[in-house]
Amino acid sequence: MPESTPIAASRDERFDDACQLWAGRFQAVIATHSLADPGYPFASAVPYCLDACGNPLLLLSHLAQHTKNLSADARCGLSVVQATEGDVQQSLRLGCTADCQEVNPADAASHRRWFRYYPSSRRYFEQLNFRLYRLIPRRFHVNGGFGTARWLDSTRILRVSPFDEAQELALIQTAQGVSDAVWPDPADRPTADPIRIVGVDPWGLDLARGDALRRVPLPEPITDLDHLRLALLARTVG
């Protein structure tokens, strides 16, 4: 990617916190239509990451109840909640209605992306018949506290990254040198493992250390390698 080539990276700042929560929570609750108890929802916790279009990717076992439910009815819901030690009802919460589809095995880029975020899950995929799925959100419900709930069209939350896989990998390589300095909380490093940059989009960096994932929002959308270097410098000296 030529460093002088700008790439548009707009965002709707009114919903920036919700977009960052969606991009960086990495843990969600999926609700499916129960086969065991028809007419009732079935909820379970799942890890996820986003693809380049902002859609959640999930690696699911064919034996899991939620996978069996989705095979019968692809309609589902996904909810994420801002981490808090206080009243969860005062935290930012984001949910969506969605349709689930299995990712084509030929879509190597989506599989490579998942394993960057969750490398230890590769054995589940290779040995235990786990398969990669994608949720296509229809619309979102955002709630930031009492009296703030509203429905949003999916275009308000889903951010399409302009970077293709090769461009993102070049950005990751650029960012890797300062990964220690931009880990959100230096005192909260769960293992002695090195910090890895696993994803870059115009609005943030996704970092991993061991099994822990963290999102680092960028103050302004980046458009190229030079822009990323400036953004990282601002964070490290700030």
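The amide H of Leu218, built 1.01 Å from its N in the peptide plane, has Gly204, Leu205 as neighbours under 5 Å, considering only residues 5 or more places off or on other chains.
Relative contact order of the chain, taken over Cα pairs closer than 8 Å and 6 or more residues apart, is 21 percent. To the nearest 0.05, how large is the calculated FRET efficiency for Leu230 and Gln27 if R₀ is 41 Å and r is the Cβ-Cβ distance? After rounding to 0.05, the efficiency reads 0.85. The modelled label-to-label distance for the pair Tyr124/Ala106, using points 7 Å beyond Cα in the direction of Cβ, is 2.7 nm. Annotation for Asp193 and Asp180: the two label points, set 7 Å from Cα along the Cα-Cβ direction, are 1.8 nm apart.
Only the coordinates and a few stated rules stand behind these numbers; no lab work does. Because the structure is predicted, anything quoted here is derived from the model rather than measured. Quick reminder, even Gly has a Cβ in these numbers, built from the backbone with ideal geometry, and neighbours come from all protein chains shown.
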